[in-house]
Amino acid sequence: MKASRLLLRAALAALLVLGPLASTSSGALAQTRGIVAIANDQPITDLDITQRVTLLDIVGDLPPGGLTKQQALQALIDDQVKIVEATRLAMLPTDSDVTDRIDKLAQGMKISRADLLAKLKAKGISEASFRRYVQASMGFNRIISAKYRQDMDATDAEVDAKIAEIKSKVGAQMSKLMNDPRMKPITVYTLMEIKLPVDGQDPMLLQSRAIEAQQVMQRLKGCGSVKAASDGIFNVKPGKTFDADAAKLPKPMRAALDKVGKGRAVGPMRGKEGIQLIALCAVRTITPPKPDFTMPTREQVKRIVVNEKYDKIEQDYLKVARDKIYVEYRDQSYAQQ
């Protein structure tokens, strides 16, 4: 009997491909060619896989690391598993139950059900596909809650162990972070470029401007006193202050700035426009802020433990339940190893 059922399923699956070749349009043929798997005679296409990832993203149920195409396909196959199990155990939600759940999902997203459905439709996800996803999830939740409610309770010892685990992981991450070179304090110099422009390349004129630059240096008592220090000297142009990481300055430049100190300048130097000075306006140390982490409350940790137990029970149940449905992979790259 089992062999007969497999032959019948193979024949039905073949019709999905051969039918369009004989009697349908090229558009239908293209859609058939997109089938990567069949679960309980339900074809699953590459588009379905892409849309499942989009759906989970929209409703905020996408795992932090995202989903591979193989994982998204397995989620679609598991929908079939969940619906079969919920139907078998008379726990499949009604249309009204599904609608109520969608309303709650929309409320959590602070939008209306109509807006949520419109958002999904804009991404090519039909209401029927969305309702099937919600129905499968609700039905399976009912099964797990009914069969394993006591197994999901979190004991005080389990909560204590999870708190210790979280503290250990946070401590290790914080230690690693604080040893990151980017978290070390850096010394920042606030600098100002003071220009004495020179027209042409006349050596005598350049020498004259260099002497004037020295006069400015001698008078300078801070970056706010450039105007006073330049009194009687033609065309002295102070630039805007800018910050520089002291560690990245050329060593001779940093040594010279350290020697003259704050409020003074180094030079004169030949620049693009003539003669220039570099003034040290201020020195400060910047320490990156230490990351702030707040431990979850005991009640939050308890929910984490319960969720982890639920996930484990769900996966164990699915491993067994998957054997109750027929799955054929058209694209072997998606087949589970």
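The values are calculated or read from the model by the stated rules, or taken from the named source; none is laboratory data. Values in this document were obtained by computation on a predicted structure and should not be read as measured data. Quick reminder, even Gly has a Cβ in these numbers, built from the backbone with ideal geometry, and neighbours come from all protein chains shown.
Points to keep in mind about this one:
- Among residues of the range 76-110 being among the basic types (Lys, Arg) and over 30 Å from Val36 (Cβ atoms), the one that is nearest to the chain's Cα centre (by Cα) is Lys110.
- Within the range 57-86, restricting attention to residues that are of a type outside the set (D, E, K, R) and without any contact (Cβ under 8 Å) to a residue 12 or more places away in the chain, the residue that is nearest to Ala128 (Cα to Cα) is Leu62.
- Complete set of residues in the range 223-238 that are surrounded by 15 or more Cβ atoms within 10 Å (Cβ to Cβ) and within 46 Å of the chain's Cα centre (by Cα): Cys223, Pro238
A quick yes/no check of all residues on (1) out of contact with any Gly (no Cβ under 7 Å at 6 or more places or on another chain); (2) surrounded by 14 or more Cβ atoms within 10 Å (Cβ to Cβ); (3) farther than 30 Å from Leu249 by Cβ; (4) modelled with pLDDT of 90 or more:
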| site | (1), (2), (3), (4) |
| --- | --- |
| Asp160 | yes, no, yes, yes |
| Asn179 | yes, no, no, no |
| Lys184 | yes, no, no, no |
| Thr190 | yes, yes, no, yes |
| Val198 | no, yes, no, yes |
| Asp202 | yes, no, yes, no |
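- The requirement of being assigned to a loop (DSSP other than H, G, I, E, B), more than 15 Å from Leu318 (Cβ to Cβ) and either in contact (Cβ under 8 Å) with a residue 60 or more places away in the chain or not assigned by TED's automatic domain parsing to the domain that holds Pro43 (or both) is satisfied by Ala154.
- Filter result for Glu193 (in a helix (DSSP H, G or I), charged (D, E, K, R) and not assigned by TED's automatic domain parsing to the domain that holds Ile49): no
- Some residue of the range 45-61 being at pLDDT 90 or above, more than 26 Å from the chain's Cα centre (by Cα) and not in a helix (DSSP H, G or I): yes
- Hits in the range 78-119 - residues which are assigned to a helix (DSSP H, G or I) and among the β-branched types (Val, Ile, Thr): Val81, Ile83, Val84, Thr87, Val98, Thr99, Ile102
Table: residues versus (1) modelled with pLDDT of 90 or more; (2) under 21 Å from Lys69 (Cα atoms).
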{"residue": "Thr285", "(1), (2)": "yes, no"}
{"residue": "Met295", "(1), (2)": "yes, no"}
{"residue": "Glu299", "(1), (2)": "yes, no"}
{"residue": "Ile304", "(1), (2)": "yes, no"}
{"residue": "Ile313", "(1), (2)": "yes, no"}
{"residue": "Leu318", "(1), (2)": "yes, yes"}
{"residue": "Asp323", "(1), (2)": "no, no"}
{"residue": "Gln332", "(1), (2)": "no, yes"}
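- Qualifying residue in the range 241-257 (condition: aliphatic (A, V, I, L, M) and touching a helix residue (DSSP H, G or I) at 6+ places or on another chain (Cβ under 8 Å)): yes
For (1) surrounded by fewer than 16 Cβ atoms within 10 Å (Cβ to Cβ); (2) under 30 Å from Lys162 (Cα atoms), each residue gets a yes or a no:
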{"position": "Asp258", "(1), (2)": "yes, no"}
{"position": "Ala265", "(1), (2)": "no, no"}
{"position": "Gly271", "(1), (2)": "no, no"}
{"position": "Ile275", "(1), (2)": "no, no"}
{"position": "Cys281", "(1), (2)": "no, no"}
{"position": "Pro296", "(1), (2)": "yes, yes"}
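- Some residue of the range 285-293 being in contact (Cβ under 8 Å) with a residue 60 or more places away in the chain, in a strand (DSSP E or B), surrounded by fewer than 16 Cβ atoms within 10 Å (Cβ to Cβ) and of a type in the set (A, V, I, L, M, F, W, C): yes
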